[in-house]
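Since the structure comes first, as structure tokens, the remarks are kept for the end.
The values are calculated or read from the model by the stated rules, or taken from the named source; none is laboratory data. Everything quoted here is computed from the prediction, not taken from an experiment. Cβ sites come from the backbone with ideal geometry, for glycine too, and all protein chains shown count toward neighbours.
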Amino acid sequence: MQDRSLVKIDPLKLALIRGSFGRDGMLQPFAREIMLIECHIAGTSYHDVKTVEPQLLPGMMLPLEREPQNPHDALAIVILTETGHRLGYVPRVKNEALARLMDAGKLLFGKIESKEWQGNWLKVSIRIFMRDF
């Protein structure tokens, strides 16, 4: 049975993703976004994405969270909406380097590029960025 509870999103992480403030709370006008990979969100058919699909728009930022206790993949990275709704995962074939960066304390996040229904599967294409301070 999948856990469908909401995940609490740290407001400081959202501010970091949006680029307004650094980890120390100071304004970071010269922070850079470094694009790392392009991929789709894996597993959207296993999560209730129909309720949030209308709000998933190109350019929307998506928090990423490591899920090291995942029984299927110790390098799993969950992709969420800003309200904590689980959309799916970074595909396993692309998550190793990203997981290592996150485990080292780097802030990674996704941005929606496009979405398209393919049968009962919502294909959401994203780019994953690292915020460099």
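I'm trying to understand the selection: among the residues of the stretch 88-133, which are surrounded by fewer than 16 Cβ atoms within 10 Å (Cβ to Cβ), touching a helix residue (DSSP H, G or I) at 6+ places or on another chain (Cβ under 9 Å) and in a strand (DSSP E or B)?
W117, W121, K123
Give the stretch 74-109 a look and list any residue that's within 17 Å of A42 (Cα to Cα) and among the acidic types (D, E), or say none.
Within the stretch 74-109, E96 is the sole residue that qualifies.
Please specify each residue of the stretch 74-87 satisfying the condition of being in a loop (DSSP other than H, G, I, E, B) and surrounded by 15 or more Cβ atoms within 10 Å (Cβ to Cβ).
L75, A76, T81, E82, H85 - these are the residues of the stretch 74-87 that are in a loop (DSSP other than H, G, I, E, B) and surrounded by 15 or more Cβ atoms within 10 Å (Cβ to Cβ).
I'd like to check something: does the stretch 29-39 contain any residue that is in a loop (DSSP other than H, G, I, E, B), closer than 21 Å to L98 by Cβ, under 13 Å from the mean Cα position of the chain (by Cα) and modelled with pLDDT of 95 or more?
Scanning the stretch 29-39, I find no residue that is in a loop (DSSP other than H, G, I, E, B), closer than 21 Å to L98 by Cβ, under 13 Å from the mean Cα position of the chain (by Cα) and modelled with pLDDT of 95 or more, so the answer is no.
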